[in-house]
Amino acid sequence: MKHLITMLIVDDHPIVLEGTKNLFQENDDIIIDTESDATCVIQRIKNKPYDIYLIDINMPLENGINLARNIKAFQSNAAVILYTGDDITDYYPLILERKIEGILAKTASKEQILRTVRAIANGEIVLPKNFLDFLDDKFKLQDAKDIHLNEKEKKILRLIAEGHTNKAIAIELNIPQRTTERYLTQLFSLLNVDSRTEAVNLAERMNLL
């Protein structure tokens, strides 16, 4: 017997709400209900909880982020997919902070939306590939909190940021170019980066310059 997936779509725009619902009309394994008033959701699911909640982030009465938190507080096994017309990368920190199972752009294809819903119903977490880049940056920032650079290392970073070549840095510091290259290798290792650009970007975010 096919397992039925129950899902509540929450969006304050009736046309978008109906359009999203219609994406699932030919899929008899997914049972869809809709809600346009986010403030009614918690009272509604007291009588009828759902497997998955597809929630628009930007709603006037209660934004989707707060609603997701409230749903999870009330129903611990609830799976939430945030749905937005904005750049989804802006919301990556929330995925970790609020333990969100998935995030979709409103420009996502029907196939992508269906694949995401079914995967999450199967207990999987579905995230964009570039979420790994966000995690990598996050861990680098955490590691960088304990980094303390000496004055020479800070000066080398500033020279890199200004676009100086290895030769120019060597002249500025009055040291051999080979020594400059060794300093750069040590600095990149300390910052856990692989390039000048990464070193400068990390240093700027951590106010190391």
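Answer yes if at least one residue in segment 27-47 is crowded, with 16+ Cβ neighbours inside 10 Å, under 26 Å from residue 130 (Cα atoms) and modelled with pLDDT of 85 or more, and no otherwise. No, because not a single residue in segment 27-47 is crowded, with 16+ Cβ neighbours inside 10 Å, under 26 Å from residue 130 (Cα atoms) and modelled with pLDDT of 85 or more.
Taking the criterion of being in contact (Cβ under 8 Å) with a residue 40 or more places away in the chain, over 16 Å from residue 39 (Cα atoms) and surrounded by fewer than 17 Cβ atoms within 10 Å (Cβ to Cβ), the residues of segment 6-20 that qualify are 6, 16.
When residue 109 is tested against (1) within 20 Å of residue 12 (Cβ to Cβ); (2) free of Cβ contacts under 8 Å to residues at least 40 places away in the same chain, exactly one condition is not met: (1).
For segment 53-74, check the following and say yes or no: at least one residue is in contact with a Pro (Cβ under 9 Å, 6 or more places away or on another chain), open to solvent by 70 Å² or more (accessible area, probe 1.4 Å) and closer than 24 Å to residue 124 by Cα. The answer is yes; a qualifying residue exists. The test for being surrounded by fewer than 12 Cβ atoms within 10 Å (Cβ to Cβ) and either closer than 20 Å to residue 124 by Cβ or touching a residue at least 40 places away in the same chain (Cβ under 8 Å) (or both) holds for residue 3. Out of 209, 191, 173, one residue alone is open to solvent by less than 40 Å² (accessible area, probe 1.4 Å), modelled with pLDDT under 90, closer than 18 Å to residue 148 by Cα and not aromatic (Phe, Trp, Tyr). It is 191.
The values are calculated or read from the model by the stated rules, or taken from the named source; none is laboratory data. From a predicted model like this one, the values you see are computed outputs, not experimental measurements. As a convention, Cβ positions derive from the backbone with ideal geometry for all residues, glycine included, and neighbour counts pool all protein chains shown. Heavy atoms of the whole protein, side chains included, go into the accessibility calculation; ligands, DNA and RNA do not. Shrake-Rupley method; radii C 1.70, N 1.55, O 1.52, S 1.80 Å.
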